[in-house]
1. What FRET efficiency do you get for residue 95 and residue 19 if R0 is 25 Å and r is their Cβ-Cβ distance, rounded to the nearest 0.05?
2. Sort 2-8, 78-84 by the packing proxy (mean of other Cβ within 10 Å over each peptide's residues), most packed first.
3. Label-point separation (nm) for residue 78 and residue 51, each offset 7 Å from Cα along Cα-to-Cβ?
Amino acid sequence: MEKLKEYKWPIITIFLTIIILIFMLSIGYTFGFLSENPDGLEKVIEDAGYVEQEGLWVPILSWVENNYLEGIIGIVIITLIVNIFFYFGIKSKKNK
């Protein structure tokens with residue numbers, strides 16, 4: 001029982017990270033169903049001459065050809081960064 005109390009917050013953090021990752025992937029997957037033919041505000045923006053900006057991960061993941069795979073890899077990288085941040089935060093808190 002002592003081990004469970006010791007690892008309670010890291011386990012909760014891991015579960016929350018997995019839940020957030022699944023949520024982000026489901027939203028990203030939903031974007032695949034969006035129409036390629038814009039209407040409404042998207043059409044007005046295109047008619048005004050604005051172009052779609054390059055994705056956030058393009059400079060970092062330029063070797064990936066598939067946009068969906070690029071997004072998934074980006075989500076995994078951010079999840080790892082957040083987990084490392086929380087790991088060191090928890091570790092520094094225990095050292096005090």
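1. On the way: r = 28 Å, r/R0 = 1.14.
With R0 = 25 Å, the Cβ-Cβ based efficiency is 0.30.
2. Values: 2-8: 8.7, 78-84: 12.7.
The densest-packed peptide leads the list: 78-84, 2-8.
3. With each label point 7 Å from Cα toward Cβ, the separation is 2.5 nm.
Only the coordinates and a few stated rules stand behind these numbers; no lab work does. Note that the coordinates shown come from a computational prediction; the quantities given were computed from them, not determined experimentally. When we count neighbours, we look across all protein chains shown, and the Cβ atoms used for this are built from the backbone with ideal geometry, even at glycine.
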